[in-house]
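The values are calculated or read from the model by the stated rules, or taken from the named source; none is laboratory data. As the structure is a prediction and not an experimental result, all values here were calculated from the model. Because the Cβ atoms are built from the backbone with ideal geometry, glycine has one as well, and the counts that use them run over all protein chains shown. Heads up: the accessible areas ignore ligands, DNA and RNA and are worked out on the full protein's heavy atoms, side chains in. Shrake-Rupley method; radii C 1.70, N 1.55, O 1.52, S 1.80 Å.
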Amino acid sequence: MDIGFNVTYVTFDGHVEVQKYRYLYFVIMFTAYILIICSNSTIVSIIVINKSLHEPMYIFIAALLINSVLYSTAIYPKLLIDFLSEQQIISYSACLFQWFLCYTLVVSEFFLLSGMAYDRYVSICKPLQYHTIMRTNTVNIFLILAWLLPACQISVGPLLIANEKLCYFFLKGIICNSTVNKLQCVSSAVLNILGLIVFVIGVPLPVLFILFTYTRIFIVTYRSSREVRRKAAQTCLPHLLVLINFSCLIAYDVLLPRLGIDFHKTVRLIMSLQLVIYHPLFNPIMYGLKMKEIYKHLKRLFFKVR
């Protein structure tokens, strides 16, 4: 679709009866966006303000929640505009940029979860060396690499196809994701190979690393006292639940379109909304309620407000 000045536009084909329910969609998504910003920002603020929480584990949690806010901000403003528009369209260049932002932040989340897993591994399996290994500089390096490496990896794909000719102008979704590759007239073998490499580095490898570290943690804690097992469960269980939840959602978003499985439009919309709404809200709820120190400060905050 070309709309003046040779700017190429693509149409989102994943909305269900948006003309009929546009205002309902808008209110629900706007409310969700405000909740995501408020819930994540509240816990990040608690971690920043309270010096007792200036430890690697809580710093990684804060980074993860900031990542959720950035991910939502890359999606929600455009979604809200689409609900109030007659046509749900986006320029090809803007679509590539959204694709870049979303996938960069997705891979960053896996890297941050890997950093959190390593922190727990050192804390539980090598407690005497913890302060030597997990120094401030080490944590800063982890955080920089968690955002910088994915940005470098993901940027190659959009740059490769930015000037490719398009033969298709409809995306089966409500945001720009991996289905952007299917808009080109000729499928790029280089891009497919690159995408597979980035996927392996960004998802399975961090997940395997996390599973390895937690396996070591469980072996060590199994041989320890009940108190050690209890403390390990308190700090490790939220991380594992977040990992499992996020991995399942990303597997749907990345793998199923590549496998060519065609779901009903309503099913695709529900799954997309889970990734957009459910996960960014799941993180602050999980860490806010399950992390004892954060929950303690949350209770103090809300009692003061009352």
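Just a few scattered comments:
- Springs join every pair of Cα atoms under 10 Å in this Gaussian network model of the chain, and among SER155, SER187, SER178 the largest mean-square fluctuation is at SER187.
- List ILE270, ILE66, ILE89, ordered by accessible area with a 1.4 Å probe, largest first: ILE270, ILE66, ILE89
- Per-residue ³J(HN,Hα) for the stretch 155-160, Karplus 6.51 cos²θ - 1.76 cosθ + 1.60, θ = phi - 60°, Hz, x for Gly and Pro: 5, 5, x, x, 5, 5
- When all protein chains stay in place and ligands, DNA and RNA are ignored, the 1.4 Å accessible-area order of CYS125, CYS38, CYS236, largest first, is CYS38, CYS125, CYS236.
- Residues within the reach of a label modelled at SER247 (point 7 angstrom out along Cα to beta-carbon, backbone nitrogen below 12 Å), restricted to the stretch 166-187: there are none.
- ³J(HN,Hα), Karplus 6.51/-1.76/1.60, whole Hz, each residue of the stretch 212-225, x for Gly, Pro: 4, 5, 6, 4, 5, 4, 5, 5, 5, 5, 4, 8, 9, 6
- In plain terms, the chain is cut at each of the GluC sites (Glu not before Pro) found in a DSSP loop with at most 16 other Cβ atoms within 10 Å, and the longest leftover piece is 165-306.
- Its Cα gyration tensor gives the stretch 142-252 an equivalent ellipsoid; the semi-axes, largest first and in whole Å, are 40, 15, 11.
- Amide H partners (placed H, <5 Å) of LEU171, local residues excluded: THR11, PHE12, ASP13
- MRE, 222 nm, helices only [DSSP H, n ≥ 4, -39500 (n - 2.57), over the chain, to nearest 500]: -25000 deg cm²/dmol
- Entry for mean projected area of the Cα convex hull in nm² (calculated from the structure that is shown) out of (1) 18.1; (2) 19.2; (3) 15.0: (1)
- Euclidean distance between Cα centres, the stretch 75-119 to the stretch 216-248, Å: 30 Å
- Heavy atoms of LYS231 accessible to a 1.4 Å probe, total area in Å² rounded to 10: 110 Å²
- Accessible area expressed per residue, the stretch 65-216, with surrounding protein chains retained (probe 1.4 Å, Å²): 47 Å²
- Debye, to nearest 20: dipole size of the chain, +1 on Lys, Arg Cβ, -1 on Asp, Glu Cβ: 1500 debye
- A cysteine counts as unpartnered when no other cysteine's C-beta lies under 4.7 Å of its own; in the chain this applies to CYS38, CYS102, CYS125, CYS152, CYS236, CYS248.
- When the solvent-accessible area of the stretch 1-77 is split by element, carbon and sulfur atoms take up 69 percent of it, the probe being 1.4 Å.
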